[in-house]
1. Which one of GLU238, GLU219 is more than 23 Å from the chain's Cα centre (by Cα), surrounded by fewer than 17 Cβ atoms within 10 Å (Cβ to Cβ), not in a strand (DSSP E or B) and not basic (Lys, Arg)?
2. Restricting the search to the range 241-267, which residues are open to solvent by less than 40 Å² (accessible area, probe 1.4 Å) and under 17 Å from ILE285 (Cβ atoms)?
3. Can you say whether SER201 is within 18 Å of SER283 (Cβ to Cβ) and open to solvent by 10 Å² or more (accessible area, probe 1.4 Å), as far as the supplied structure shows?
4. Take the range 182-198 and flag every residue that is open to solvent by less than 20 Å² (accessible area, probe 1.4 Å) and not β-branched (Val, Ile, Thr).
5. Taking THR153 and the conditions (1) β-branched (Val, Ile, Thr); (2) assigned to a helix (DSSP H, G or I); (3) touching a residue at least 40 places away in the same chain (Cβ under 8 Å), which numbered condition does it fall short on, given that it satisfies the others?
6. Can you tell me which condition THR230 does not meet? The list is (1) farther than 27 Å from THR90 by Cβ; (2) part of a loop (DSSP other than H, G, I, E, B); (3) polar (S, T, N, Q), and all the others hold.
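The values are calculated or read from the model by the stated rules, or taken from the named source; none is laboratory data. Small disclaimer: the values here were computed from a predicted structure and weren't measured. Reconstructed Cβ throughout: ideal geometry from the backbone, glycine too, with neighbour counts over all protein chains shown. The area values use the complete protein model at the heavy-atom level, side chains included, leaving out ligands, DNA and RNA. Shrake-Rupley method; radii C 1.70, N 1.55, O 1.52, S 1.80 Å.
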Amino acid sequence: MGFLLKFLVFVSLIIVSACRPATIDLQGNEIKSTWHFFLNFDESIALVDSEQKSAQELRNQIATALAQRFSFRDPVKSAVGDGFSNRGFTGRFFIGSEKNYSKQLHWVPSGLMNEHWRFAECSMDSRFQQQLISCEAKSFLVCLNQRADDAVTLNSQNQSSTANRSLLMDWASDCGLNGRFENLLDRNVSIKIDKGQVIFSPTPLLSLLVYKGSWSSYEEASVKAVAAATLPDVVPCERSDGACLQSPVPLARCLGCDTLESGKIHTAFFIERLRQNYNDIRSVIFIP
């Protein structure tokens with residue numbers, strides 16, 4: 001009987017392992033890296049997305065937030081200094097890897113949207129205390145809830161977040177909230193594609209490489225994957241460090257940029273000089 005029980009447990013583990021989605025590298029090995037995305041609402045509510053998070057799990061989080069009791073607070077009638085203060089939306093993005101490399105990035109909504117979504121407060125009664133959230137944020141939650149309902153009801157193929165895609169980010173974009181990522185240790189790191197140009201910082205560079213998915217270090221990305229897009233070095237270059245790649249660069253000079261998938265998670269690595277130490281290479285999450 002004991003042998004039979006052990007056998008059944010062993011078979012169950014095999015089945016679970018076979019059913020678990022995996023990210024595979026070029027040699028067929030599983031890449032054990034992961035990401036977590038936290039979307040914060042005025043520091044009173046946070047929604048959490050991560051690789052393999054299902055649409056149903058995200059819908060449950062949103063429904064729990066909306067289950068609170070809301071009441072409108074008119075800013076005109078609020079006393080000066082009465083604590084009326086909305087911080088809008090913020091986010092955090094964590095990357096972890098099999099070599100214990102980790103990175104935390106700050107997700108910042110576009111300034112225009114974040115400023116607009118701060119007009120009034122809705123007090124939110126929870127079991128523990130009364131919290132405040134902007135009324136626009138409540139409306140945003142309603143929109144997210146509808147997107148989650150649609151994803152679960154339609155039973156489409158995109159039923160969970162993946163290594164390269166966040167359902168929560170997709171829904172937020174559909175509801176009018178787009179953002180960019182900042183490196184907490186160095187905010188002078190950025191990339192965007194706009195009006196036929198690739199705009200980046202720092203500048204000048206030796207080269208710039210974009211990999212699919214979230215990578216915490218250039219070492220792991222270069223060993224386990226191939227760059228999806230590249231801004232190659234400039235030849236000839238009169239600088240001794242080879243850094244002659246100046247921002248902005250015409251999009252046509254970017255090899256592979258036309259194949260980057262909109263809305264998908266990518267990592268951009270900034271190669272600043274010849275023979276640069278891998279540990280010194282700066283990076284940022286990039287979503288075209």
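1. Being more than 23 Å from the chain's Cα centre (by Cα), surrounded by fewer than 17 Cβ atoms within 10 Å (Cβ to Cβ), not in a strand (DSSP E or B) and not basic (Lys, Arg) holds for just one of GLU238, GLU219, which is GLU238.
2. Listed by number, the residues that qualify are CYS257, LEU260, GLY263, ILE265, HIS266, THR267.
3. Answer is yes for this residue.
4. ASN183
5. Tallying (1) β-branched (Val, Ile, Thr); (2) assigned to a helix (DSSP H, G or I); (3) touching a residue at least 40 places away in the same chain (Cβ under 8 Å), THR153 fails exactly one: (3).
6. THR230 satisfies all of (1) farther than 27 Å from THR90 by Cβ; (2) part of a loop (DSSP other than H, G, I, E, B); (3) polar (S, T, N, Q) except (2).
Rundown of residues vs (1) assigned to a loop (DSSP other than H, G, I, E, B); (2) within 23 Å of TYR101 (Cβ to Cβ); (3) touching a helix residue (DSSP H, G or I) at 6+ places or on another chain (Cβ under 8 Å); (4) of a type in the set (A, V, I, L, M), yes/no style:
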residue: ILE193; (1), (2), (3), (4): no, no, yes, yes
residue: THR203; (1), (2), (3), (4): yes, no, no, no
residue: TYR211; (1), (2), (3), (4): no, yes, yes, no
residue: ALA243; (1), (2), (3), (4): yes, no, no, yes
residue: PHE269; (1), (2), (3), (4): no, yes, yes, no
